[in-house]
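First the structure, in the form of structure tokens, and then the observations on it.
The values are calculated or read from the model by the stated rules, or taken from the named source; none is laboratory data. Since the structure is predicted, the reported quantities are computational estimates derived from the model, not experimental observations. Every residue, glycine as well, gets a Cβ built from its backbone with ideal geometry; the counts of neighbours run over all protein chains shown.
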Amino acid sequence: MLFLLQAEGSTRVEFSDGSATTVEPLGYVAAPLTEVALVTSERPIARIEIVADLPLFPAVGIRVAPPAHRIAVGAPASAVNARPSPSSAAWHVISSVVNAVLNSDLSPDSAALPPLEVSLLHALVSLVLESRGADVPARHASHLSHAQQIIQRNAHHPDFSVENLAAAMNISTRYLARIFREVGTSPGKALRAARISRAQLALQGGGAQTIGEAAHASGFSSVRAMKEAFRLSGLSLER
């Protein structure tokens, strides 16, 4: 997903379906990267752009924020355009982490980067949950962030399952399903979304020469399984 957080000025985001939205200061847009066609600004602005794989929120089915947080928006249903509350801890964490990285001389292989990436990932999850109006206990939000990290690391293994995810988190599959249900999805859907995201990248210039290679690289057991996953998510499988 692409996260565009507006610090100063405004930015227009155009989507592949022809719709568009404008992000105002202290607002943000979160949308599947494949659906973003163009990002423009008429004058100098300050914004943060982050590309992150968030399998917790599938490429479809994300809803715009509740009316109390909404900005005029013409974006597709898979995009979120919202303005966090002034006291949003997630917003401040994201801004702090990004500024810390930009104002440092950290190299890509620095041992300090992984902890910063974990903090950033957790804050992005919290920001989306806040915008969706999800009333999620802090402990569950932490579990969701942890689950997302494990899914990202293991989705490319065809034999990695929901049961494996629960075992890695040392919780029951029933409890795992419960915390995912609080944000309107399931562990299975999150795992499927992560594999779909990998397949889309592989098919769109990520090195896969055939659909079979894309299926193998993204963790699907077969091309048929990948096609079924795309169908269930309302997506088309294109080269």
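Only a single item in (1) over 15 Å from the mean Cα position of the chain (by Cα); (2) assigned to a helix (DSSP H, G or I) is not met by ASP159, and it is number (2).
Identify all residues within segment 8-49 that are among the hydrophobic types (A, V, I, L, M, F, W, C) and over 20 Å from the mean Cα position of the chain (by Cα); write none if there are none.
Of everything in segment 8-49, those that are among the hydrophobic types (A, V, I, L, M, F, W, C) and over 20 Å from the mean Cα position of the chain (by Cα) turn out to be ILE45, ALA46.
Against the conditions (1) surrounded by 15 or more Cβ atoms within 10 Å (Cβ to Cβ); (2) not in a helix (DSSP H, G or I), ARG192 satisfies every one except (2). Sub-6 Å Cβ pairs linking a first residue in segment 162-175 that is assigned by TED's automatic domain parsing to the domain that holds ALA190 and in contact (Cβ under 8 Å) with a residue 60 or more places away in the chain to a second residue that is surrounded by 13 or more Cβ atoms within 10 Å (Cβ to Cβ) and part of a helix (DSSP H, G or I), at least 6 apart or interchain, number zero.
Taking the criterion of being closer than 26 Å to LEU203 by Cβ and either at pLDDT 80 or above or of a type in the set (Gly, Ala, Ser) (or both), the residues of segment 21-34 that qualify are VAL29, ALA30, ALA31. Looking only at residues in segment 20-40 that are of a type in the set (S, T, N, Q) and surrounded by 16 or more Cβ atoms within 10 Å (Cβ to Cβ), which one is farthest from SER95 (Cα to Cα)? So, considering only residues that are of a type in the set (S, T, N, Q) and surrounded by 16 or more Cβ atoms within 10 Å (Cβ to Cβ), the one farthest from SER95 (Cα to Cα) is THR34.
Does at least one position in segment 71-83 carry a residue that is surrounded by 13 or more Cβ atoms within 10 Å (Cβ to Cβ), under 23 Å from GLN204 (Cβ atoms) and modelled with pLDDT of 75 or more? No - not one qualifying residue is present in segment 71-83.
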